[in-house]
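Here the structure comes first, spelled out in structure tokens, and everything after it is commentary.
The values are calculated or read from the model by the stated rules, or taken from the named source; none is laboratory data. Keep in mind the model is a prediction, meaning the values are calculated, not measured. Every residue, glycine as well, gets a Cβ built from its backbone with ideal geometry; the counts of neighbours run over all protein chains shown. Keep in mind that these areas ignore ligands, DNA and RNA; they rest on the heavy atoms of the full protein, side chains included. Shrake-Rupley method; radii C 1.70, N 1.55, O 1.52, S 1.80 Å.
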Amino acid sequence: MYAFTYQRPTSLADAATAIQADEAKLLGGGQTLLPTLKQRLARPTDLIDLGAIPDLKGIREADGGLEIGAFTRHAEVAHSDLVKRVIPALASLAEGIGDRQVRNMGTMGGSIANADPSADYPSAVVALKATVTTDRRTIAGDDFFTGMFETALEPGEIVKAVRFSRPDKAAYAKFRNPASRYAIVGVFVARFGAEVRVAVTGAAGSVFRATAFETALAADFRAEALNGLSVKADGLNADIHASADYRAHLVTVMAKRAVEAAG
Amino acid sequence: MANPNGIGASVRRREDQRFLTGRGNYTDDFKRLNMTHAVHVRSPYAHARILGIDFADAAAMPGVVAVLTGADMEADKVGSLPCGWQIHSKDGSPMKEPPHYPLARDRVRYVGDAVAVVIAETREQARDAAEMVVVDYEELPAVGSSTRAIDGGAPLVHDDAPDNVCFDWHLGDKAAVDAAFANAAHVARIDLVNQRLVPNAMEPRAAMGEYDQSSGEYTLTTTSQNPHVTRLLMGAFVLGIPEHKLRVMAPDVGGGFGSKIFHYGEEAVVTWAARRVGRPVKWTADRSESFLTDAHGRDHVSHAELAMDADGNFLALRVSTLANLGAYLSTFAPSIPTYLYATLLAGQYKTPAIYAEVKAVFTNTSPVDAYRGAGRPEACYLIERLVDVAAGVVGMDKTEIRRRNFVPKEAMPYQTPVALQYDTGDFAKNLDIALPLVDYPGFQRRRAESKARGKLRGIGFATYIEACGIAPSNVAGALGARAGLYECAEVRFHPTGSVTVFTGSHSHGQGHETTFAQIVAERFGIPIENVEIVHGDTNKIPFGMGTYGSRSLAVGGSALVKAMDKVERKARKIAAHMLEAAETDIEVKDGRFTVAGTDKSLGIGDIALQAYVPHNFPLDELEPGLDEQAFYDPKNFTYPNGCHVCELEIDPDTGVTTIVNFAAVDDFGNVINPLIVEGQVHGGLVQGIGQALYENCVYDEESGQLVTGSYMDYCMPRADDVPSFTVRYHEDQPCTHNPLGVKGCGEAGTIGAAAAVMNAVVDALSDYGVTHMDMPATPEKVWRVIRDATPAMAAE
Ligand SMILES: Cc1cc2nc3c(=O)[nH]c(=O)nc-3n(C[C@H](O)[C@H](O)[C@H](O)COP(=O)(O)OP(=O)(O)OC[C@H]3O[C@@H](n4cnc5c(N)ncnc54)[C@H](O)[C@@H]3O)c2cc1C
């Protein structure tokens, strides 16, 4: 690690000011940022720890759905009775992130701001028609992820909370990377009345919706409805763990499993 | 009265209290006044010429004490890291032994090869400065794999090793094998890869060098499995320090799996640098360095053929292996794919003729050396995969073909055609115990039940035999070992009857502090709390050979028994004197010395006190003191053996393999501590399963870059990847040539497990026409064979 100045503001306003410093970086649970610093791949002048800001914490019921503060740890989401009651699929997604240590530290805000192509939460943000509130504005979940490790956030913009709509039925099915335990493919299926959303993470540079799957499921919400459907392998991620055509295959398999789990 | 903590008791490991509460004393925990920190500048290229090193900026950085390079070492006449085993090629020529300098001089040969060391007040300062060292490299074409190394026209890793060949060796009777193949009714063939693995000890390597100006003594504290060997190699060959001026300490060591046997360049660098800078120098690897620079394991490419008669009796085995040694010869590298591999190719079978050829090559990758099992897992995997293929060829049940070819118990001692002589073993018994554990007759029913759920079920067997406690020294010497292979022990009774044992074997997770103490407690009838086991310090211990090859108990334990014999002999003399009886009339049992037929007796504690407070002592006949030392050189290897069975289920939609049952039946000879043995087996099995399903060290063939350089890509097995194991052992076949009758258990799990798992994977996929799959059986690989075979299946 290179040396940096550590700051721990207690209000969002103070954090917003502190992050204006030339090469400052926000610190969430540190599960991505700290390994990056340890490997000397980043050199921030200041680290602004968001962990002491009450406004960024907590899980509330809002508009029938859920509002989850940016500095809410994955383990809190996984174990929250409220989440389990309102959107159980979200709790089970959180329970499947990384390992226990990662879940006890990593935060929702950090995860979506980081926009790792193989992170789990982006699928929930898109499938659950979420909105992301920041210290400056509100961003539709559909517009939030703009590419690999890229989001609609402006420099220094702080994610405050994420609001998820409550689906009638939903489930997340993940095929995890056996080494890192991130998603090789993760599929979040959510049904809102006649509308079905199928959001796919891990497979491509950024989360995307499998629209053909959505149409098929809107007509017939059963796994069989996906028979014969698949996403194109072209343009999907490929690495030593999974080729593009394997990922394409897994998208259909995981989508079916999610539909089955959603019941 | 049996000692509650004696031989055979499942005593909980005494050392675990300190390990589990964070009170272990590891090399990196050692702090010295005025200590400095070393960080190595390492090559980012697999192969490059060093045109120049500019460290002026680095040397001017805050806190920097020194920046040292290979040129400084050369000026100080620092030598090359020696190789401890010499192999001769078929044509009689000695192996190629290119120099391996602790800091590279003119060329770097793998990513991670050290070119300079920065020494600073803090580790972070050393890192900051290391980034400022500018090395001018001329990149050269690289060799990233063994197959590329021998692909005519490949670049040369060492100019003086033509075709990148280190040696081209063979073992066995080629003519007899050729003749048997000519008359064979059936031949089974296999091509397989035993992939490279990264050892991944929990504690990364670390070393601290100290130099005392007043006495001229050096101290190296290091993560070593054998401190004496490190002292000998580094002192005599690298730094030219006489052994009485060099102390090597290996305190608590957090796992090694072989990777900490070897003498590494960093140890020499910190020891040498400590004198250069006049201050203690410490280096601790980070995990990325461990991936790049710990000696890796395995990395064989093999072709094998088994000749059989019409009834499936094995007639001859022919094996040809290409072994990757990496960029330089690590300490014991040449012995692994030769004497620890080809000599095991008989396995548990009475195959009358065997011929093996091994070509070992240099590549631009991290050196390869012993990794848990070291050669024997490679042999077991090859034989047991081939036997499964053979069962298919002759249409026999996989257990029957094994049983038919086992060396029968009655044939022991059995001379194999590949040099070894097995002393004991009842292989049929292992299988007989294993079969009910897995309900073999019920397998077809379970397979059908899985199929009904859309899953593929397979069962796989592996029988193994290994050779542990490499020995005797004279034989090993004749085969090229440049070291002895004995072990030492000293048993020191203190005046009040407690005991300190000094052992030359080394514990880095094996539990010696418990097991060795049990042996002493049993012998002398004393509480285990009164026995302390000391290891890992060349200033305290007679010359020992350390721990590897499952040798600690078989060799180190035997030395301990010899030392205890000497103690008892002397104690008997003292007792005879004190009890005024003839020595021959003294009976000894559980540490009590009794005059036969009387109630006159003395405990060992009384005798110890007399020995050290010799007020009434026959000084003309006996020296005071009760402190004896012994060296034990084994008569033969020991031969642990067993039968492992794996049952698993494959999800054809994803290719994911789930192990549902795993049974291991082992013959380790006599067992001192069943709990520790079971733990060793569990750990070994997980490592074997890791190789079969998860682990794979991948280098880019062209660039020589390590692709799997972190846990994001290198997949370690985890607790939730493995089932609850069923582990059994029997003690029917104790080793015949060591006093404890023990065989060793440290590597067994790793040796049998990978083959059992892969045989089960292939069995599960047999409906798809699969007869072999290389490890690891990753989900994508499995899914692909299913997908590619499915149209053919549908057409049937
Ligand atoms: C071993 C391991 C396994 C993992 N497995 C998974 C997995 O299976 N699935 C998965 O989804 N993730 C996984 N992760 C990632 C982890 O869950 C975290 O979500 C992720 O590291 C980011 O969250 P964090 O709170 O740790 O953020 P940090 O690491 O602290 O920050 C990440 C980035 O987000 C920025 N940031 C943080 N908070 C905010 C905010 N409120 N507003 C704006 N920017 C912000 C930071 O500046 C930084 O750029 C894994 C991580 C590890 C180390």
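Things to note:
- Filter result for A:GLY51 (near the ligand (Cβ under 8 Å from one of its atoms) and either part of a loop (DSSP other than H, G, I, E, B) or away from chain B (no Cβ under 14 Å) (or both)): no
- Any hit, the stretch A:65-74, residues being within 14 Å of chain B (Cβ to nearest Cβ), within 9 Å of the ligand (Cβ to nearest atom), touching a Ser or Thr at 6+ places or on another chain (Cβ under 8 Å) and under 18 Å from A:THR151 (Cβ atoms): no
- Scanning the stretch B:123-141 for residues that are in a loop (DSSP other than H, G, I, E, B) and in contact with a helix residue (DSSP H, G or I) (Cβ under 9 Å, 6 or more places away or on another chain) turns up B:GLU131, B:MET132, B:VAL133.
- Per-region count, the stretch B:123-161, residues within 25 Å of A:LEU41 (Cβ to Cβ) and open to solvent by less than 20 Å² (accessible area, probe 1.4 Å): 6
- The stretch A:102-152, subset more than 8 Å from the ligand (Cβ to nearest atom) and of a type in the set (S, T, N, Q), residue farthest from A:LEU66 (Cα to Cα): A:THR146
- Considering the stretch A:166-180, the residues that are open to solvent by less than 40 Å² (accessible area, probe 1.4 Å) and away from chain B (no Cβ under 14 Å) include one that is nearest to A:ALA261 (Cα to Cα), namely A:ALA171.
- Qualifying residue in the stretch A:98-115 (condition: part of a loop (DSSP other than H, G, I, E, B), open to solvent by 10 Å² or more (accessible area, probe 1.4 Å) and within 14 Å of another protein chain (Cβ to nearest Cβ)): yes
- Of the residues making up the stretch B:716-758, those that are in contact (Cβ under 8 Å) with a residue 24 or more places away in the chain and within 14 Å of another protein chain (Cβ to nearest Cβ) are B:MET716, B:PRO717, B:ASP721, B:VAL722.
- Subset of the stretch A:164-179 (residues that are among the small types (Gly, Ala, Ser) and either free of Cβ contacts under 8 Å to residues at least 12 places away in the same chain or part of a strand (DSSP E or B) (or both)): A:ALA170, A:ALA171, A:ALA173
- Which numbered condition A:GLY29 misses (of (1) more than 14 Å from chain B (Cβ to nearest Cβ); (2) in a loop (DSSP other than H, G, I, E, B); (3) more than 9 Å from the ligand (Cβ to nearest atom)): (3)
- Being assigned to a loop (DSSP other than H, G, I, E, B) and either touching a Leu at 6+ places or on another chain (Cβ under 9 Å) or within 12 Å of chain A (Cβ to nearest Cβ) (or both) is not true of B:LEU693.
- Qualifying positions in the stretch A:237-263 - of a type in the set (Ser, Thr, Tyr), part of a helix (DSSP H, G or I) and either within 8 Å of another protein chain (Cβ to nearest Cβ) or in contact (Cβ under 8 Å) with a residue 60 or more places away in the chain (or both): A:TYR246
- Test: residue in the stretch B:706-715 that is without any contact (Cβ under 8 Å) to a residue 12 or more places away in the chain, under 19 Å from B:GLU678 (Cβ atoms), of a type outside the set (S, T, N, Q) and within 11 Å of chain A (Cβ to nearest Cβ): no
- Count of residues meeting criterion [more than 19 Å from B:ILE383 (Cβ to Cβ) and surrounded by fewer than 16 Cβ atoms within 10 Å (Cβ to Cβ)] in the stretch B:409-442: 8
- Taken over the stretch B:733-764, the residue count meeting the criterion of being among the hydrophobic types (A, V, I, L, M, F, W, C), crowded, with 24+ Cβ neighbours inside 10 Å and in a loop (DSSP other than H, G, I, E, B) is 2.
- Once the stretch A:5-24 is narrowed to residues that are open to solvent by 70 Å² or more (accessible area, probe 1.4 Å) and farther than 19 Å from A:ASP55 by Cβ, the residue that is modelled with the lowest pLDDT is A:ASP22.
- Contact map, the stretch A:97-111: first residue in the same structural domain as A:SER123 (by TED's automatic domain parsing) and among the basic types (Lys, Arg), second residue open to solvent by less than 20 Å² (accessible area, probe 1.4 Å) and not in a loop (DSSP other than H, G, I, E, B), Cβ cut-off under 9 Å, separation 6 or more or different chains; pairs are A:ARG100/A:ALA75; A:ARG103/A:HIS74; A:ARG103/A:ALA75; A:ARG103/A:VAL77; A:ARG103/A:ALA78; A:ARG103/A:ALA94.
- Single match in A:GLY202, A:GLY141 (criterion: at pLDDT 95 or above and within 30 Å of B:GLN691 (Cα to Cα)): A:GLY202
- Within the stretch B:343-372, tally of residues that are part of a loop (DSSP other than H, G, I, E, B) and of a type outside the set (Gly, Ala, Ser): 12
- Wholly enclosed strands (runs of 3 or more DSSP E) of the stretch B:606-681 bearing at least 3 residues in the same structural domain as B:ALA764 (by TED's automatic domain parsing) and out of contact with any Gly (no Cβ under 9 Å at 6 or more places or on another chain): B:656-667
- Among the candidates A:ALA161, A:ALA199, A:ALA204, residue that is more than 14 Å from chain B (Cβ to nearest Cβ), out of contact with any Cys (no Cβ under 6 Å at 6 or more places or on another chain) and not in a strand (DSSP E or B): A:ALA204
- Among the residues making up the stretch B:692-721, those that are away from the ligand (no atom under 16 Å from the Cβ) and either open to solvent by 30 Å² or more (accessible area, probe 1.4 Å) or among the hydroxyl-bearing types (Ser, Thr, Tyr) (or both) are B:ASN696, B:VAL698, B:TYR699, B:ASP700, B:GLU701, B:GLU702, B:SER703, B:GLN705, B:VAL707.
- Condition check for A:LEU37: within 11 Å of the ligand (Cβ to nearest atom) and part of a strand (DSSP E or B): no
- Reported count of residues in the stretch B:89-122, each being outside any loop (DSSP other than H, G, I, E, B) and surrounded by fewer than 16 Cβ atoms within 10 Å (Cβ to Cβ), is 1.
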